[in-house]
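Some notes on the structure that comes next.
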Amino acid sequence: MLKIGYFSKLSRISIRMLRHYDEIGLLKPAEIDPFTGYRYYSEDQLSVANRITALKDMGFGLSTIGEMLMCADDSEQLMRHLLLKQAELVKLQRQTAYRIRLLETAMERLRKDDKTMKYDVTLKTFPERYAATVRMTIPGYEQEGLLWNTLMQETDHMHLVPDDPCYCCAVFHDKEFKETEVDVEVQKTVKGTYPDTEHVVFRTLPEVTVASAICRGSYAQMPEINDAVTRWVVDNGYEFDGPMFNIYYVSPHETSDPNEFVTEVCYSVKKK
């Protein structure tokens, strides 16, 4: 049997933490001297202590570790826990990478002259155009790729002829920002006529007048561009008249480098 101090050295777990594990039933001593209250651990418990430390390093909480120790002989149950933690960490990794990009963009823009933080807003009119469209309610804005995948999969056999110019757009139909269940439509302008599919509708889009600005680089600039367009609309006697949409000239489909993205941010407007 090992005294708690020696067990602490061998397991590299502090005495304070070993006492906490005892209190919550995660790792109880093999014996407790009824007269002195000294805790003693068996050599076999070192492997359990090491397993607890390994699971903590993976990011598991103590309550989940307790569950995993109870099913230590059930490999399928352990695998389910590991897969859930993996998915959780992958999601966290993506969120962290996105936040790092936001920080890098903010720092880069602070290093530049103030003039580079302004965006030129122009008024333009898009004429009627024929497009393949897919409109769905999706879990979040970051899931827009689901719509593009649907469009491409259901029209691949049609060999669509792109219009000239070809506009690939995402239209955001909700009248407010929504965190979930967003109403989004993707559009690709094409030449010719084609039959509708299960999710793809071919239709003529109406003429639309927009106030627009070009975003060169990361989508992290969108709030500033939205602010610039809003100021232009107010200052020039216009008002918003319909959903906003993005035209993708260089998108994640063409490059994985956010600095190479080119997007035209368009707000439908009319004269007051």
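The values are calculated or read from the model by the stated rules, or taken from the named source; none is laboratory data. The structure displayed is predicted, hence computed values, not measured ones. Cβ atoms come from the backbone with ideal geometry, glycine included; neighbour counts cover every protein chain shown. Just so you know, the surface numbers come from the protein's heavy atoms only, side chains and all, with ligands and any DNA or RNA stripped out. Shrake-Rupley method; radii C 1.70, N 1.55, O 1.52, S 1.80 Å.
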Among (1) 6, 26, 28, 21, 12, 5, 1, 0; (2) 7, 32, 38, 19, 4, 0; (3) 6, 20, 21, 15, 11, 12, 9, 5, 1, 0, which is the computed P(r) over Cα pairs in 10 Å bins from 0, in percent?
(3)
Of the candidates T53, T96, T155, which one comes out as most mobile in a Gaussian network treatment of the chain with C-alpha springs shorter than 10 Å?
T53
Rolling a 1.4 angstrom probe over the protein chains, ignoring ligands and nucleic acids, what is the accessible area of H20 in square angstrom, nearest 10?
70
Dipole in debye (nearest 20) - the range 155-243, about Cα centre, beta carbon charges: Lys, Arg +1; Asp, Glu -1
300
Can you give me the long-range amide H partners of L205? Hydrogens built in the peptide plane at 1.01 Å from N, cutoff under 5 Å, separation of 5 or more residues or another chain.
R129, Y130, A131
So, relative contact order of the range 84-226 in percent, Cα under 8 Å, 6 or more apart, is 35
Have a look at F35, F177, F261 and tell me which one the Gaussian network model of the chain (Cα, springs below 10 Å) gives the largest fluctuation.
F35
Amide proton proximity set for L27, modelled H, under 5 Å, gap of 5+:
D22
Cβ-defined net charge surrounding R80, 13 Å radius [Lys, Arg +1; Asp, Glu -1]:
-3
Show that you can apply the helix-only estimate: for the chain, add -39,500 (n - 2.57) for every DSSP H stretch of four or more residues, divide by all residues, and state [θ] at 222 nm to the nearest 500.
-12000 deg cm²/dmol
Listed residue pairs exceeding 20 Å between alpha carbons, taken from K175/K270; K178/K272; K124/K175; K9/K85; K124/K270; K9/K56
K178/K272; K124/K175; K9/K85
Phi-based couplings in Hz for the range 263-271 (Karplus 6.51, -1.76, 1.60; Gly and Pro marked x)
9, 9, 8, 10, 10, 5, 9, 8, 5
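So what is the relative contact order for the chain, in percent, with contacts set as C-alpha pairs under 8 Å and at least six apart?
It comes to 16 percent, rounded to a whole number.
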Taking the highest mean first, how do the peptides 70-81, 239-250 order by number of other beta carbon atoms within 10 angstrom per residue?
239-250, 70-81
Here the FRET efficiency for T53 versus R99, based on Cβ atoms and R0 = 30 Å and rounded to 0.05, is 0.55
Label-point gap, in nm, between D241 and D163 - each point 7 angstrom along Cα→Cβ:
1.9
Provide L92, L27 ordered by accessible surface of protein heavy atoms (probe 1.4 Å), highest first.
L92, L27
Cα-centred dipole magnitude for the chain, charges only on beta-carbon of K, R (+1) and D, E (-1), debye, nearest 20
980
How compact is the range 127-246 by the rule of thumb for globular proteins, expressed as Cα Rg over 2.2 N^0.38 Å?
1.14
Of S47, L103, M79, which is farthest along the charge dipole of the range 40-103 in the positive direction, counting Lys and Arg as +1 and Asp and Glu as -1 at C-beta?
L103
Which of the GluC sites (Glu not before Pro) found in the range 116-215 are in a DSSP loop and have at most 15 neighbouring Cβ atoms, other than their own, within 10 Å?
E128, E176, E179, E181, E198, E207
Residues with amide H under 5 Å from that of D174, placed H, sequence gap 5 or more
D183
